[in-house]
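What follows is a short report on a single structure.
The values are calculated or read from the model by the stated rules, or taken from the named source; none is laboratory data. Everything numeric in this text was worked out from a predicted model, so none of it was measured. Here Cβ is always computed from backbone atoms with ideal geometry, including for glycine, and neighbour counts include all displayed protein chains. What goes into the accessible areas is simple: the full protein's heavy atoms, side chains included, and nothing from ligands, DNA or RNA. Shrake-Rupley method; radii C 1.70, N 1.55, O 1.52, S 1.80 Å.
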Amino acid sequence: MKSIFICCMLSASFAASAQEAVELQEVTVKGARVVQRVDGQTIYPTRQQLDGSADGYSLLIKLALPHLRIDPVMHTVTALSNLGGVQVRINDIAASKEDLLALDMKAVKYIDYIDNPGVRYGEGVAYVINIIVKHPVSGYDIGADLTNTLTATNGDETVYGKYNIGKSELGVTYSLNYHNFKGMEYDEYSTYELESGEKRNILRQQLEGQSKNLAHDIQLTYSLSDSDYVFQSKFSASRDIHPHRAWQRTGGTEIYEDHSSSRTSSPVLDLYLHREFARHQSLTANAVGTYIKTDNHTEHNEGGNYAYHVKGETYTFWAETVYENRLKPFTLSLGTQYAQQYINNLYSGDADADNAMRSSGLYFFGQVRGHLGKLGYMGGMGLSRRYYRQDERTNHFWLFRPKLTISYPLAHNLKVKYDFEVSQHTSQIALVSNVAIKQNAWETLVGNPDIHPNRVTSHDLRMTYSTPRLMTELQGYWRLNADCNMEKYSRENGHFYQTQTNADNECNFFFIQSYNRWEAIPDGLSVTLYGGIYRFYNFTDEYRHTYTAFNGGASVEAYLGKWTLTAYADNGWNFMEGEHRGHQAPAWYLTASYRIKDITLSVYAQHPFCASPLNYKTEVVSRYIHKDISRHNRDYGNMLTLNITWHLSSGRKYRDIQRTMNHQDTETGILQ
């Protein structure tokens, strides 16, 4: 990473050694803002982008990363696909929301956007954003990031402070997040086919819905670093209160209440050590302990009173060790990950169950990355073991995980890349429980302790053309899911049961997509456009469903002195998995930021000219049940949000790299 950055700097970069030049054969255009790599891109933000960014989220928006949606108001990073999740990291360690809000733009060096993660990242990770920053060695840094919606009750307030003395740094961050959305609308048109062949039509409408949330988060950090080592410890604690109230109507006559509330407390201790030795070798160790206490109450009162209460506790330990040797022809990485989780959820009321589950994971991996002449390659092998126990049921799942990526320049500025990977998909722990939860008068959701992880095979072919002002990419992707965990509806005595099963299932899809970014005016105006055709196949013994969708979006960024203007829009994510045809809500927003010395003022207009935008839309196409479901939220319509960021630092000098941690567990295992 260090050599990539050095080779792309301006005048000082040309003093790099011959060894560093050999290691950087991935660089196709010297001085380019975007450098194509075997596993993704390295992006060097312009001074205008850094100066116009109030925090990490506003910086990521300006980078227009393919396949991702950045929400600067809700402070979220969402993958617009079902390829897997997103990891946002700072210096290769997972970062929290508070870390991104407190990001020092003066310390940012470059961003690695990895859209083809290697075997070291484990399962379920499709995209990695790794922000590389310099390490401060003196002075202090304090600030606040205050976000408040003017048209609804919604806010996210963060204050932070960091102080450096020599090799040590102390830091504290406090965050308060709250919302109270009242304009929620829900419509569901359902058709149930009984054993006799009779069909019953049900209209469910939400007359008045309200969702509240109040969350407190605090982080205390201490780090000790020198030129060849970094040790960091972080203790964080969170308290989350989330009540939801709704009055619903069925068939235009019956009115019933549908409520839920939850209280969650979670302390986390994170210890991290990185050690450089022998100039080109390093060892990294990370250990995280998480405890989650949950108190949850839910009512589904359609067809009669139905309520249950859950008291739950979750204990999780996670550890990782990675050895890396940066040899001249290639870089070798070896490592292991270990996870142990214990969940004990006690259900009382109408869902009476004592659900205790234990699971563990062990993962070994090795990977090499380098060049053979013009051919770039990355190859690795992982071996994973998953173990699960609940009551008398146990499950072991072993999987070899090979991965190979090769890239080759066909011509000047034109490169082709192919990737092959075998990975695994693990169901949410709640779906593996032995608990049954009534959803309404007609349906019950049932956990299945017998489902197991499934093998995922993917092929990815890309052709990329890049110059300092233009980058265009054409991608073809094919994914095969053998014996995958897919939903299944059954019926018995006029009631319908939804569960998950592995039996002889296939859930495959492919897409062809183009991504294009044009620097229309260097350091002044950037335009991004992407879109693709997606085809989904879902085959089981009981159904065969296919679906074709278009997914795409566009953005424009303009830098006008102290002003930064951004416009973004996408059509959401349309997909089909199992018996659900899903339509993620489209998004469009305008932003304007103005910087005055240490203060940045930003205004976000989300979903303008729309009174009640769509939250999501779903269709269920089971042989027994057909549903059309949509949810809207009036508070999201014409949403206007003000952000004030204040950042003050003094005596700051930088050296090397600071790593920030945030690997923690959030899965409670509660079925609801």
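Hey, could you check the stretch 167-218 for residues that are in contact with a helix residue (DSSP H, G or I) (Cβ under 8 Å, 6 or more places away or on another chain) and either closer than 16 Å to residue 248 by Cα or charged (D, E, K, R) (or both) and say which is most open to solvent (accessible area, probe 1.4 Å)?
Once the filter is applied, the top-ranked residue is 182.
Quick check on my filter: what residues within the stretch 152-168 are at pLDDT below 90, in a strand (DSSP E or B) and not polar (S, T, N, Q)?
165
Of the residues 509, 496, which single one is surrounded by 19 or more Cβ atoms within 10 Å (Cβ to Cβ) and under 26 Å from residue 384 (Cα atoms)?
509
In the set 377, 363, which member is in contact (Cβ under 8 Å) with a residue 60 or more places away in the chain, closer than 30 Å to residue 409 by Cα and either out of contact with any Phe, Trp or Tyr (no Cβ under 7 Å at 6 or more places or on another chain) or open to solvent by 30 Å² or more (accessible area, probe 1.4 Å) (or both)?
377
Has the stretch 85-102 got any residue that is assigned to a loop (DSSP other than H, G, I, E, B) and among the hydroxyl-bearing types (Ser, Thr, Tyr)?
Within the stretch 85-102, one or more residues are assigned to a loop (DSSP other than H, G, I, E, B) and among the hydroxyl-bearing types (Ser, Thr, Tyr).
Consider the stretch 464-478. How many of its residues are in contact with a Ser or Thr (Cβ under 9 Å, 6 or more places away or on another chain) and open to solvent by 30 Å² or more (accessible area, probe 1.4 Å)?
4
Kindly provide the set of residues from the stretch 286-335 that are of a type in the set (Ser, Thr, Tyr), touching a residue at least 60 places away in the same chain (Cβ under 8 Å) and under 30 Å from residue 233 (Cβ atoms), ordered by number.
290, 294, 314, 316, 333 - these are the residues of the stretch 286-335 that are of a type in the set (Ser, Thr, Tyr), touching a residue at least 60 places away in the same chain (Cβ under 8 Å) and under 30 Å from residue 233 (Cβ atoms).
State the number of residues belonging to the stretch 386-443 that are buried (at least 20 other Cβ atoms within 10 Å of the Cβ), touching a Gly at 6+ places or on another chain (Cβ under 6 Å) and within 21 Å of residue 118 (Cα to Cα).
4
What single numbered condition from (1) buried (at least 19 other Cβ atoms within 10 Å of the Cβ); (2) in contact with a Leu (Cβ under 9 Å, 6 or more places away or on another chain); (3) in a strand (DSSP E or B) fails to hold for residue 581?
Just one mismatch for residue 581, condition (2).
Which of the residues belonging to the stretch 227-259 are open to solvent by 40 Å² or more (accessible area, probe 1.4 Å) and more than 30 Å from residue 175 (Cβ to Cβ)?
227, 228, 247, 249, 251, 252, 253, 254, 255, 257
Would you check if residue 348 is open to solvent by less than 20 Å² (accessible area, probe 1.4 Å) and part of a strand (DSSP E or B)?
no
Run down 533, 596 and say which single residue is open to solvent by 40 Å² or more (accessible area, probe 1.4 Å), among the aliphatic types (A, V, I, L, M) and modelled with pLDDT under 90.
Among 533, 596, only 596 is open to solvent by 40 Å² or more (accessible area, probe 1.4 Å), among the aliphatic types (A, V, I, L, M) and modelled with pLDDT under 90.
Can you name the residue in the stretch 298-319 that is assigned to a strand (DSSP E or B) and among the acidic types (Asp, Glu) and is also farthest from residue 274 (Cα to Cα) among such residues?
Of everything passing the filter in the stretch 298-319, 299 is farthest from residue 274 (Cα to Cα).
Look at residue 54 and say whether it is at pLDDT below 85, buried (at least 20 other Cβ atoms within 10 Å of the Cβ) and assigned to a loop (DSSP other than H, G, I, E, B).
So residue 54 fits the description; yes.
Restricting to the stretch 379-437, and then to whatever is at pLDDT 85 or above and small (Gly, Ala, Ser), can you tell me which residue is nearest to residue 309 (Cα to Cα)?
Among those residues, the one meeting the criterion is 436.
Please tell me if residue 116 is polar (S, T, N, Q) and either within 24 Å of residue 232 (Cβ to Cβ) or over 19 Å from the mean Cα position of the chain (by Cα) (or both).
no
Evaluate the following for residue 631: is it basic (Lys, Arg) and either out of contact with any strand residue (DSSP E or B) (no Cβ under 6 Å at 6 or more places or on another chain) or farther than 30 Å from residue 542 by Cα (or both)?
no
Conditions first: (1) surrounded by fewer than 20 Cβ atoms within 10 Å (Cβ to Cβ); (2) in contact with a helix residue (DSSP H, G or I) (Cβ under 9 Å, 6 or more places away or on another chain); (3) at pLDDT 80 or above. Residue 20 passes all but one, so which condition is the exception?
(3)
Would you check if residue 314 is over 30 Å from residue 442 (Cα atoms), surrounded by 15 or more Cβ atoms within 10 Å (Cβ to Cβ) and of a type outside the set (A, V, I, L, M, F, W, C)?
yes
Looking at the stretch 584-605, I want the residues that are closer than 21 Å to residue 616 by Cα and have a partner that is charged (D, E, K, R) and modelled with pLDDT of 90 or more with Cβ atoms under 6 Å, at least 6 apart or on another chain. Which pairs are those?
Partner pairs satisfying both residue conditions: 587/570.
Please verify whether the stretch 500-520 includes one or more residues that are closer than 28 Å to residue 438 by Cα, in a loop (DSSP other than H, G, I, E, B) and of a type in the set (A, V, I, L, M, F, W, C).
Yes.
Taking the stretch 106-151, which residues are small (Gly, Ala, Ser) and in a strand (DSSP E or B)?
126, 138, 139, 143, 144
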